[in-house]
């Protein structure tokens, strides 16, 4: 069995909880993935834009920390927004990416609040390493995510929903 044709995938994990970053990164690194980590949307958007190689998959917590002081969301290329809004911004780009949203809140509750959408895989926290690796492999083997056709471009008028 040769592995010379296989390129390791790059995965960007976005979560404000350091333990979740660690518990997600370790099994992915052990499985041979290149792992990038960001504690919030601003850092993730910057890292994604500036990383020399393509990011193949984004594993993002839905509830990311709200902004302290920041420039207008409309004019700031790296704003602090919730996980779904961050993913929508990434999907407006030209590169193909795959996405997994995660949260400790149940998916139906998040769906009723407009924080998850059809077509994006969801991983409920806490999760096992095996569950994470299985879902990551499935998502990487599937088609890239697409922008939500029902969502217009971000308005920057403070309409981003924040939660503690």
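The values are calculated or read from the model by the stated rules, or taken from the named source; none is laboratory data. Here the structure is a predicted model, which is why all the values come from computation and not from measurement. All Cβ positions, glycine included, derive from the backbone under ideal geometry; neighbour counts span all protein chains shown.
Of the candidates 41, 103, 9, the single residue that is in contact with a helix residue (DSSP H, G or I) (Cβ under 8 Å, 6 or more places away or on another chain), modelled with pLDDT of 85 or more and over 18 Å from residue 132 (Cβ atoms) is 41. Just checking: which of the helices (runs of 4 or more DSSP H) contained wholly in the range 79-143 hold 3 or more residues that are touching a residue at least 12 places away in the same chain (Cβ under 8 Å)? In the range 79-143, 83-91, 129-141 are the helices (runs of 4 or more DSSP H) which contain 3 or more residues that are touching a residue at least 12 places away in the same chain (Cβ under 8 Å). Here residue 67 meets the list (1) part of a loop (DSSP other than H, G, I, E, B); (2) at pLDDT 95 or above almost entirely, failing just condition (2).
Would you confirm whether any residue within the range 45-59 is within 21 Å of residue 123 (Cα to Cα) and either at pLDDT below 85 or surrounded by fewer than 19 Cβ atoms within 10 Å (Cβ to Cβ) (or both)? For the range 45-59, residues within 21 Å of residue 123 (Cα to Cα) and either at pLDDT below 85 or surrounded by fewer than 19 Cβ atoms within 10 Å (Cβ to Cβ) (or both): absent.
Regarding the range 19-38, can at least one residue be identified that is at positive phi and either at pLDDT 95 or above or in contact with a strand residue (DSSP E or B) (Cβ under 8 Å, 6 or more places away or on another chain) (or both)?
First pass over the range 19-38, keeping only residues at positive phi: 32.
Those still in the list that are either at pLDDT 95 or above or in contact with a strand residue (DSSP E or B) (Cβ under 8 Å, 6 or more places away or on another chain) (or both) too: 32.
Taking every residue of the range 19-38 in turn, at least one turns out to be at positive phi and either at pLDDT 95 or above or in contact with a strand residue (DSSP E or B) (Cβ under 8 Å, 6 or more places away or on another chain) (or both).
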